[in-house]
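For reference, the structure is listed below as structure tokens.
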Amino acid sequence: MSPVIVKRARTAKPQIERPRLHKVILINDDYTPREFVVQVLKAEFRMSEDQATKVMLTAHQRGVCVVAVFSRDIAETKATRASDAGRAKGYPLRFTTEPEE
Ligand code: NFA
């Protein structure tokens, strides 16, 4: 039986780009209680009390704080869920997303 010869393609490898990660950003406001922000961060982003308190305080002092990075889909879902948790209580708490450079 004659051997099958498999030729390697000589074309250049297509350069596959990794999908960009997206940041979830916590935005400060004047109305949402600090303790509630901490609760949401713990529940939605699985943070410890300590981590959540640091993120909350950074947003409180600087206006915004990056909470975490995820694939775009997960980032958007978490930002929406966390913002909805605030709205359900009548708070203006807001999380947004933004692609990493
Ligand atoms: N600035 C809010 C307050 O003083 C707390 C807060 C922190 C709200 C971070 C939203 C984001 N009660």
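The values are calculated or read from the model by the stated rules, or taken from the named source; none is laboratory data. Computed from a prediction, not measured in an experiment: that's the story for all the values here. Using ideal geometry, Cβ is built from the backbone for each residue, glycine included, and neighbour counts are taken over all protein chains shown. Heavy atoms of the whole protein, side chains included, go into the accessibility calculation; ligands, DNA and RNA do not. Shrake-Rupley method; radii C 1.70, N 1.55, O 1.52, S 1.80 Å.
Here are the numbers for this structure:
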read-out	value
Test: Arg10 is modelled with pLDDT under 95, open to solvent by 90 Å² or more (accessible area, probe 1.4 Å), within 17 Å of the chain's Cα centre (by Cα) and on the phi < 0 side of the Ramachandran plot	no
Arg46, sole failed condition from (1) within 20 Å of Pro99 (Cβ to Cβ); (2) more than 8 Å from the ligand (Cβ to nearest atom); (3) within 13 Å of the chain's Cα centre (by Cα)	(1)
Scan of the range 45-75 for residues that are surrounded by 14 or more Cβ atoms within 10 Å (Cβ to Cβ) and hydroxyl-bearing (Ser, Thr, Tyr), ordered by number	Thr53, Thr58
Any hit, the range 50-57, residues being away from the ligand (no atom under 15 Å from the Cβ), out of contact with any helix residue (DSSP H, G or I) (no Cβ under 7 Å at 6 or more places or on another chain) and modelled with pLDDT of 95 or more	yes
